[in-house]
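Have a look at the structure below before the remarks.
The values are calculated or read from the model by the stated rules, or taken from the named source; none is laboratory data. Treat the numbers as computed from the prediction; the structure is a model and nothing was measured. Cβ: placed from backbone, ideal geometry, glycine included. Neighbour counts: every protein chain shown.
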Amino acid sequence: MEIKVAITEDNNNLANSLKEKLLLFNDEVTFSFRASNGKDLIEKLKENHAVDVILMDIEMPEMDGIEATEIVSRNFPMIKIIMLTVFDDEEKIFNSIKAGASGYLLKDETPLKILEGIKMIMNGGAPMSPSIAAKTLTLLRNPNRAIENNSTEDFSLSAREIEVLEQISKGLDHIKIANNLFVSPSTVRKHIENIYKKLEVHNKVQAIQKALKHKII
């Protein structure tokens, strides 16, 4: 029996990429639909709630993923929800689980890991990326611990580096970023190198996570 999966993601490039990952396993997974935000998801589910699993982004316009998860869990309890996001901070994890999410994966997971997560959740499991699982254990061990406020640390990013970060967060590659900012691809690569160094990260997903957490973008 194929698992019916819907995607809730406001970024077109990331949504298409995620859909392509799912289509690699079309003998096990059926793509139901894509919603562009939480509000759109709720409207689509009213028309067709024959969905097994929703891959849910968190930061979206009109209605975010956590609020949408709460509504779906209340009105369509048979649907399983996996948060698929760049956020790995404790507050987002805590609020997602409290809203009814049964899994929490980072967007840089491989297609196979996403498929394994979908199958796991259908079998009653709770798929989580390793870093998420570690933070969830910390929350379980300290249930009354207050969620720390996001740091206001200054990473001294230039205005141009912040522009590049914003472009990266939209899922754009070096060439598209270079065209949008009217610079060469090599200049973009240099900016990204500087961003990684200043943020003390090693890849795009980590850079976006840290930038969002510290409200840089």
Qualifying residue in the range 53-68 (condition: free of Cβ contacts under 8 Å to residues at least 60 places away in the same chain and on the phi > 0 side of the Ramachandran plot): yes
Test: residue in the range 77-93 that is of a type outside the set (A, V, I, L, M) and at pLDDT 95 or above: yes
Residues located in the range 1-43, provided they are among the hydrophobic types (A, V, I, L, M, F, W, C), assigned to a loop (DSSP other than H, G, I, E, B) and closer than 16 Å to residue 111 by Cβ: 24, 25
Scope the range 102-137; condition assigned to a helix (DSSP H, G or I) and under 21 Å from residue 52 (Cβ atoms); matching residues: 111, 112, 113, 114, 115, 116, 117, 118, 119, 120, 121, 122
Residue selected from the range 130-139 under the condition out of contact with any helix residue (DSSP H, G or I) (no Cβ under 8 Å at 6 or more places or on another chain) and modelled with pLDDT of 80 or more, by the criterion surrounded by the fewest Cβ atoms within 10 Å (Cβ to Cβ): 130
Pairs, first surrounded by 18 or more Cβ atoms within 10 Å (Cβ to Cβ) in the range 168-195, second not hydroxyl-bearing (Ser, Thr, Tyr) and not in a helix (DSSP H, G or I), C-beta under 7 Å, six or more apart: 169/217; 171/11; 195/157
Close pairs (9 angstrom Cβ cut-off, 6 or more residues apart or separate chains): in the same structural domain as residue 123 (by TED's automatic domain parsing) and at positive phi in the range 91-111, of a type outside the set (Val, Ile, Thr) and not in a loop (DSSP other than H, G, I, E, B) anywhere: 100/70; 100/73; 100/74
Number of the exception - residue 153 against (1) at pLDDT below 90; (2) of a type in the set (Asp, Glu); (3) touching a helix residue (DSSP H, G or I) at 6+ places or on another chain (Cβ under 8 Å): (3)
Some residue of the range 74-82 being basic (Lys, Arg), closer than 23 Å to residue 110 by Cβ and assigned by TED's automatic domain parsing to the domain that holds residue 118: yes
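To keep it simple, each residue is scored yes or no on (1) surrounded by 19 or more Cβ atoms within 10 Å (Cβ to Cβ); (2) part of a strand (DSSP E or B).
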residue: 49; (1), (2): no, no
residue: 54; (1), (2): yes, yes
residue: 71; (1), (2): no, no
residue: 77; (1), (2): no, no
residue: 87; (1), (2): yes, no
residue: 94; (1), (2): no, no
Failed criterion for residue 107 (all others in (1) within 24 Å of residue 2 (Cβ to Cβ); (2) of a type in the set (Lys, Arg); (3) out of contact with any helix residue (DSSP H, G or I) (no Cβ under 8 Å at 6 or more places or on another chain) hold): (3)
